[in-house]
Amino acid sequence: MQARFLGSTPMLTESWKLCARANVMAAQGFLVDEVGGVSYVAFSGVQSLDGLEPFCGTMVPLSVAGVSPVYDGGMFSAVEKQSGGGGDNNNNIVMVDAGLLQLFLNIYHTPVFQNQMFEIKKKQKPVVFTGHSIGGAVAALSSLWLLSYYQSISSPPSVICFTYGSPLIGNEPLSKAIHRRRWGGNFCHVVSKFDIMPRLLLAPLAPITTHLHTMLKSWHLIMNSPFFIRDLGIQLTDHEKSELFRFVLGYVEATARSSLVVTNSFTPFGNFMFCSSDGAVCVDDVVAIVRMLHLTFASGSPSSSINDHLEYESYVEKISLQYLNRTEDELCESNTYEAGLTLASQSVSSGQEHMVKPIKDCLRGARRIGRTPNLNGAGLAIGLSKIAPLRAQIEWYKALCDESDDQLGYYDSFKLRGASKRGFKVLINCVKLGDFWNSVIDMLEKNQLPHDFHKQAKWVYASQSYKLLVEPLDIAEYYHNEDNRKKGHYLKHGRPRRYEIFDKWWRERDIYGENDNCNRNRSKFASVTQDSCFWAKVEEASNWVESVKCESDPRVLAGLWANIDKFEHYSRGMVERKEVSIDVLARNSSFMRLSEDLRVLKLQLPCFSPQVPGVLDRKVLP
């Protein structure tokens, strides 16, 4: 159905037309055009690889180009590191092909590209990046860059990427990061069934460098000629074609059988449209894509694996005509799931009857099992109502703490609790609530929920309310267990990932009238402190104050006092704006004890003030 939709839209044909023009007119560059209010940017498949051969086929972290002295490390901030990976585990680092990344950077840093992108961003209109062959890889990286740029905008314009015969560009963490960002639907990779290029990087390039050099030169000469003249340049011999085909096929088959257990191998992402002279089928499941890459490639020949890279114009034209000319009877026949599978299998089997069943089995395996996203969302809404009593018990606990005679407040009462049943019950409730919200995030990242789930006001406010109420208790538990001594402070080393995600949801909320309400001055203190990390910052500030008492190095002292100054300014603002709960100002709370420690410390400052110039001018916390 998706292949039929894409085939019937002008995007497929328009993007290919510009790709073909870019191959002829903009060697090593790109072309820009506007069709129907959509900006198209096509990168030429004729790119110079001189000096890049040692890097092609070698992956580098996306956060460091490795081969570019002018790399801007924030370009791909949204996908640089796979969320939830944690630590320095290389298995979680997003990596891309070094040579392809360098090609993108070479174009990105040109004034022409910068000017064109400035105009496109200024228009705030949809943009389609596209490219044939190596140009497709540059188009994919350009799309990732612009999607990362737009991530902080509440209603960004659409960014779509169409590639034709593009090599894979990155590893499994990149694929997962794109999936988690819900950007998979922004990419459509058109792959002819025999084309060797989309399978090429699944094999090591070093043993076949000579063959590749000859093949790419031949391709570039043909693509750069206005009429695709086939007898240009030096061609591979039949024996060399056979060697190349069998070598790549062996690695593609091995990858398909391994089910992608090798994290740092090249991995597909987005939608793959497998096409032949009989039609096309779209697949977005990673395992199914790799199996389809193998099944369709294995049914070809050494010559077809090379020639098919130059047949995309014919395939795009046939696909568009076939789907537009489908009769009503044919469309009705494909309404059932099994009938649709049969038609899809036949579309890419090209009359090879022995290929229909394995392709059909592969597509059947890619079917999403389980309830629809909307039903899952409805189920979570019921689950949210069921955990309401857990929240109510924590709110009741907070009220008891705030009214207690010991004047410790909510945070410190939980942190300093003994073996009380009440404290243990609250801890269990916190764990259960955390499990619920972790399951929400997990379902969202697996595309099991509606695409706009994280933008719905109900869930944005529910997650924010949960975070403000429960995160202070998570911070208290972290310091109660002295995890800071083993791992470091909470903000950098202990904060659960769900809170970072909820921060992002809250920042990106786009709810009518929100900005009108956020500037009103409070007349009384908040029911819960409006910065859920307030107490983590108090703990860090307390650590700085203790360090000042025993530090003698003037440079270290200056840094500590600078940190303390920032905290004083921050906390004073929170109190003045009444954005803290009354438990913050409880007589024996950590915050008030910190304020007293600072007051006493500053009275003692004359004895060492020459070492820390200007420190006597500081004011005590309110």
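The values are calculated or read from the model by the stated rules, or taken from the named source; none is laboratory data. All values reported here derive from a predicted model rather than from experimental measurement. Virtual Cβ from ideal backbone geometry, glycine too; neighbours counted across all protein chains shown. These accessible areas exclude ligands, DNA and RNA; they are computed on the full protein's heavy atoms, side chains included. Shrake-Rupley method; radii C 1.70, N 1.55, O 1.52, S 1.80 Å.
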Where a residue in region 366-380 is at positive phi and its partner, wherever it lies, is in a loop (DSSP other than H, G, I, E, B) and at pLDDT 60 or above, with Cβ under 7 Å and at least six apart: GLY370/GLN448
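Output the number of residues of region 273-300 satisfying the condition of being part of a strand (DSSP E or B) and either open to solvent by less than 10 Å² (accessible area, probe 1.4 Å) or over 22 Å from LEU174 (Cβ atoms) (or both). Lay out the reasoning, then the answer.
In the first step, residues of region 273-300 are kept if they are part of a strand (DSSP E or B); the result is 273-276, 279-283.
In the following step, the residues that additionally are either open to solvent by less than 10 Å² (accessible area, probe 1.4 Å) or over 22 Å from LEU174 (Cβ atoms) (or both) were identified as 273-276, 279-281, 283.
Qualifying residue count for the region: 8.
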Leading residue by the ranking (modelled with the lowest pLDDT) among those in region 41-74 that are open to solvent by less than 10 Å² (accessible area, probe 1.4 Å) and more than 21 Å from ASN23 (Cα to Cα): ALA65
Inter-residue pairs, beta-carbon under 6 Å, first closer than 14 Å to TYR40 by Cα and in region 130-145, second at pLDDT 95 or above and open to solvent by 10 Å² or more (accessible area, probe 1.4 Å), 6+ apart: GLY136/SER166
Meets criteria (more than 22 Å from the chain's Cα centre (by Cα), under 26 Å from GLY57 (Cβ atoms) and either among the basic types (Lys, Arg) or modelled with pLDDT under 95 (or both)) for HIS179: no
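Answer yes if at least one residue in region 85-99 is modelled with pLDDT of 80 or more, open to solvent by less than 10 Å² (accessible area, probe 1.4 Å), over 22 Å from GLY36 (Cβ atoms) and part of a helix (DSSP H, G or I), and no otherwise. If you could, list the steps in order and put the result at the bottom.
First, pick out the residues of region 85-99 that are modelled with pLDDT of 80 or more: 93-99.
Filter once more, so that each one left must be open to solvent by less than 10 Å² (accessible area, probe 1.4 Å): 94, 96-99.
From what is left, the residues that are over 22 Å from GLY36 (Cβ atoms) are 94, 96-99.
Keeping just the survivors that are part of a helix (DSSP H, G or I) gives 98-99.
Yes, region 85-99 contains at least one residue that is modelled with pLDDT of 80 or more, open to solvent by less than 10 Å² (accessible area, probe 1.4 Å), over 22 Å from GLY36 (Cβ atoms) and part of a helix (DSSP H, G or I).
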Unmet criterion (only one of (1) assigned to a helix (DSSP H, G or I); (2) in contact with a helix residue (DSSP H, G or I) (Cβ under 8 Å, 6 or more places away or on another chain); (3) under 30 Å from ALA206 (Cα atoms)) for GLY131: (1)
Test: residue in region 146-157 that is open to solvent by less than 10 Å² (accessible area, probe 1.4 Å) and farther than 17 Å from VAL127 by Cα: no
Residue that is part of a helix (DSSP H, G or I) and under 15 Å from ASP308 (Cα atoms), where the choices are SER166, SER148, SER218, SER143: SER218
Identity of the residue in region 569-590, under 15 Å from GLN407 (Cβ atoms) and polar (S, T, N, Q), that ends up farthest from the chain's Cα centre (by Cα): ASN588
Residue in region 358-376 that is of a type in the set (A, V, I, L, M), open to solvent by 30 Å² or more (accessible area, probe 1.4 Å), modelled with pLDDT of 75 or more and under 30 Å from the mean Cα position of the chain (by Cα) present: yes
Tabulated pairs, region 486-502, first touching a residue at least 40 places away in the same chain (Cβ under 8 Å), second part of a loop (DSSP other than H, G, I, E, B) and among the small types (Gly, Ala, Ser), C-beta under 7 angstrom, 6+ apart or interchain: ARG497/SER83; ARG497/GLY84
Restricting region 9-33 to residues that are touching a residue at least 24 places away in the same chain (Cβ under 8 Å) and in a strand (DSSP E or B), the residue that is surrounded by the most Cβ atoms within 10 Å (Cβ to Cβ): PHE30
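Could you name every one of the helices (runs of 4 or more DSSP H) located completely within region 357-448 that has at least 1 residues being within 15 Å of LEU473 (Cα to Cα)?
Once the helices (runs of 4 or more DSSP H) in region 357-448 are filtered for at least 1 residues that are within 15 Å of LEU473 (Cα to Cα), what remains is 388-403, 409-415, 421-445.
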Qualifying position, being crowded, with 17+ Cβ neighbours inside 10 Å and basic (Lys, Arg), among LYS549, LYS524, LYS537, LYS566: LYS537
Residue tally, condition assigned to a helix (DSSP H, G or I) and open to solvent by 50 Å² or more (accessible area, probe 1.4 Å), over region 455-476: 3
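Mind telling me which of the residues ILE196, ILE208 ends up being aliphatic (A, V, I, L, M), at pLDDT 95 or above and more than 30 Å from GLN151 (Cβ to Cβ)?
Numbers: ILE208 fails: at pLDDT 95 or above.
Step by step, each of ILE196, ILE208 is checked, and only ILE196 is aliphatic (A, V, I, L, M), at pLDDT 95 or above and more than 30 Å from GLN151 (Cβ to Cβ).
For region 256-272, which positions are at pLDDT 90 or above and not in a strand (DSSP E or B)? Don't jump to the end; show me each part of the working.
Going through region 256-272, the residues at pLDDT 90 or above turn out to be 266-272.
Listed by number, the residues that qualify are THR267, PRO268, PHE269, GLY270.
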Checking LEU557 against (1) open to solvent by 30 Å² or more (accessible area, probe 1.4 Å); (2) modelled with pLDDT under 90; (3) in a helix (DSSP H, G or I), the condition it does not meet: (1)
Residue match in region 399-408 (condition: surrounded by 12 or more Cβ atoms within 10 Å (Cβ to Cβ) and within 24 Å of PRO496 (Cα to Cα)): no
Selection from region 465-522 of residues that are modelled with pLDDT of 90 or more and of a type in the set (S, T, N, Q): SER465, ASN481, ASN484
